[in-house]
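Visitor: This structure is in structure tokens; I'll ask about it shortly.
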Amino acid sequence: PKGVLYTHRSNYLHPLRALQADSIALTPADSVLVAVPLFHVNGWGFSFAGPAVGAKLVLPGRHTDGARLAKLIREEGVTLAAGIQTVWLGLLDYLDATGGNLPTLQRVIIGGSRCPDALIQRMEERLQARVQTSWGMTELSPLGTVAPAQGPERAVASGRPPIGLDLKLTDASGKTLPQQRNVTGHLKAKGASVVQRYFKAEKDAVDEEGYFDTGDLAIIDEEGNLTITGRSKDLIKSGGEWINPAEIETIVGRLPGVGQVAVIGRADPKWGERPILVVEPQKSHVIDDKTLLDALRGNVADWWIPDRVIQVAHMPLAATGKIDKNRLRAEYARA
């Protein structure tokens with residue numbers, strides 16, 4: 001709904017950040033499958049970064065089912081593929097059903113939401129490719145952080161910010177936290193490719209220090225790796241205290257047989273809001289509601305445990321491919 005205003009300068013500087021060796025690190029030898037719409041966070045910047053080094057761009061259009069992606073990867077010799085995790089779930093399911101490999105594929109960059117460790121492991125083992133997790137947003141042009149392109153360790157967080165982007169954590173009022181490592185805070189970003197002002201807006205979108213409020217809650221570890229722990233707008237206030245849906249989603253998402261998971265708040269006359277767990281099981285899997293809730297016991301506070309479980313055949317997705325929580329709220333929040 002808000003137009004992010006780019007400049008020629010920001011569109012020039014962003015590829016320099018994206019092309020760093022421990023970032024997206026494209027070369028002229030790369031064939032890049034951009035399985036993400038160009039309207040979605042600026043096509044992740046590939047429309048500029050690819051031509052900047054002479055890499056080949058493979059654009060699949062609106063059809064990103066597993067069969068078509070596998071065909072494109074093989075025919076175009078794709079070395080790097082980028083997209084959200086729901087896209088790669090479809091590709092994995094197709095390969096498991098039909099067999100075959102993708103021998104040219106070396107790396108897969110995922111983003112959109114935190115990816116379960118089990119899915120990253122499945123991707124790396126089945127695709128024989130390195131998975132790079134990432135985080136970004138349209139307002140950052142869009143790259144924020146990315147796991148290294150090289151190294152022995154498996155990506156478990158969203159990686160580190162390349163040079164040119166500064167991150168910091170604040171409290172809810174915007175005050176910088178004195179401790180910036182291993183604590184949860186509101187994430188702010190600053191840099192030459194960070195939005196200064198929205199299109200036709202009268203005021204800047206950054207504070208007096210030049211930091212943009214991302215709306216994300218995050219933790220930064222000792223090595224500078226970022227983990228997004230939720231969206232501030234998605235927090236559920238129950239009995240005057242906050243519940244973070246992302247923490248519940250991460251735990252349930254690790255369970256065998258779970259395809260996609262979302263937690264939304266439902267109006268409650270006593271507590272204000274209570275959480276509902278919505279789960280899409282993987283194909284041919286049957287999951288008991290009790291199993292889903294038992295996985296949370298001992299891992300989150302008892303009062304965080306959802307009051308209701310709803311299992312759906314197909315999780316509603318927005319145009320960007322992310323889970324459409326607005327549709328879930330419209331259908332189930334008043335149930």
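Here, each number is a calculation from the coordinates, and none is a lab measurement. Remember, predicted model here, so these are calculated numbers, not experimental data. Cβ sites come from the backbone with ideal geometry, for glycine too, and all protein chains shown count toward neighbours.
Visitor: What ranking, highest mean first, results for peptides 229-242, 70-83, 6-19 when packing means the other Cβ atoms within 10 Å averaged over each residue? Spell out each step's value before the answer.
Guide: Values: 229-242: 15.2, 70-83: 19.6, 6-19: 17.5.
The most tightly packed comes first, giving 70-83, 6-19, 229-242.
Visitor: Further question: Where does each of 206-212, 254-260, 94-100 land if you order them by average Cβ count within 10 Å, highest first? Provide the component values of the computation, followed by the final result.
Guide: Values: 206-212: 14.6, 254-260: 16.7, 94-100: 12.0.
Packing proxy ranking, top to bottom: 254-260, 206-212, 94-100.
Visitor: Compare the peptides 102-110, 263-271 by average per-residue count of other Cβ atoms within 10 angstrom and give them in order, highest first.
Guide: 102-110, 263-271
Visitor: Convert each backbone phi in the stretch 314-324 into a coupling constant with the Karplus relation 6.51 cos²θ - 1.76 cosθ + 1.60 (shift: θ = phi - 60°), then list the ³J(HN,Hα) values in order as whole Hz, x for Gly and Pro.
Guide: 9, 6, x, 10, 6, 4, 7, x, 7, 4, 8
Visitor: Could you work out the percent of alpha carbon pairs in the stretch 186-335 separated by over 24 Å, rounded to a whole number? Could you put the intermediate results ahead of the total?
Guide: On the way: 4810 of 11175 pairs.
That tail contains 43 percent of the Cα-Cα pairs.
Visitor: If the chain between K283 and A118 were fully stretched, how many nm would it gain, using 0.36 nm times the residue separation less the Cα-Cα distance?
Guide: Working: separation 165, 0.36 × 165 = 59.40 nm, distance 1.63 nm.
Full extension of this stretch gives 57.8 nm more.
Visitor: Please give the length that would be gained between V300 and D171 if that part of the chain were fully extended, namely 0.36 nm times their separation in residues minus their C-alpha to C-alpha distance (nm, one decimal). Don't jump to the answer; show the numbers that get you there.
Guide: On the way: separation 129, 0.36 × 129 = 46.44 nm, distance 2.20 nm.
Full extension of this stretch gives 44.2 nm more.
Visitor: May I pose another question? Enter the Cα centre distance for the pair the stretch 185-217 and the stretch 132-151, rounded to the nearest angstrom.
Guide: For the stretch 185-217 versus the stretch 132-151, the Cα centre distance is 17 Å.
Visitor: Over the chain, calculate the relative contact order: mean separation of alpha carbon pairs under 8 Å at least 6 apart, over the residue count, as a percent. Before the final figure, lay out each step's value.
Guide: Working: 658 pairs, mean separation 42.4, N = 335.
Answer for the chain is 13 percent.
Visitor: Calculate, in nm to one decimal, what T98 and T27 gain on full extension: separation in residues at 0.36 nm each, minus their alpha carbon distance.
Guide: On the way: separation 71, 0.36 × 71 = 25.56 nm, distance 3.17 nm.
So the extension gain works out to 22.4 nm.
Visitor: Here's another thing I want to ask about it. What is the local net charge at V263, summed over the other residues whose Cβ is closer than 15 Å to its Cβ (Lys, Arg +1; Asp, Glu -1)? List each step's numbers first, then the result.
Guide: Numbers: positive: R114, R231, K233, K237, R254, R266, R274, R308, K322, K325, R327, R329; negative: D234, E247, E249, D268, E273, E280, D289, D307, D324, E331.
Value of the local net charge: +2.
Visitor: Using bins 5 angstrom wide from zero, how does P(r) for the stretch 213-281 break down, in % of all Cα pairs?
Guide: Answer for the stretch 213-281: a P(r) of 4, 16, 21, 20, 19, 13, 6, 1, 0 percent.
Visitor: OK, next. For the chain, what does -39500 (n - 2.57) per DSSP helix run (n ≥ 4), summed and divided by total residues, give at 222 nm, in deg cm²/dmol to the nearest 500?
Guide: Values: 8 runs with 77 residues, N = 335.
Helices in the chain give a 222 nm mean residue ellipticity of -6500 deg cm²/dmol.
Visitor: So, one more: Pull out a ≥ b ≥ c, the square roots of the eigenvalues of the alpha-carbon gyration tensor of the stretch 1-41, then state rounded if a/c is under 1.5, prolate if not and a/b is larger than b/c, and oblate in the remaining case.
Guide: Values: a/c = 2.72, a/b = 1.42, b/c = 1.92.
Judged from the Cα gyration tensor, the stretch 1-41 comes out oblate (a/c at least 1.5, b/c at or above a/b).
Visitor: Remind me, relative contact order of the stretch 78-170 in percent, using alpha carbon pairs under 8 angstrom and six or more residues apart?
Guide: Values: 132 pairs, mean separation 20.5, N = 93.
For the stretch 78-170, the relative contact order is 22 percent.
Visitor: In whole angstrom, note down how far apart the Cα centers of the stretch 221-290 and the stretch 1-72 are.
Guide: Between the Cα centres of the stretch 221-290 and the stretch 1-72 lies a distance of 30 Å.
Visitor: Over the stretch 117-177, what relative contact order in percent results from Cα pairs under 8 Å that are six or more residues apart? Walk me through the numbers on the way to the answer.
Guide: Working: 69 pairs, mean separation 14.4, N = 61.
Here the relative contact order equals 24 percent.
Visitor: If a paramagnetic tag sat 7 Å from the Cα of F48 along the Cα-Cβ line, which residues of the stretch 100-140 would have the backbone N under 11 Å from that point?
Guide: Within reach of a label on F48: 140.
Visitor: How large is the dipole of the stretch 28-153 about the Cα centre if only Lys and Arg carry +1 and Asp and Glu carry -1, each at its Cβ, rounded to the nearest 20 debye?
Guide: The dipole of the stretch 28-153 has a size of about 200 debye.
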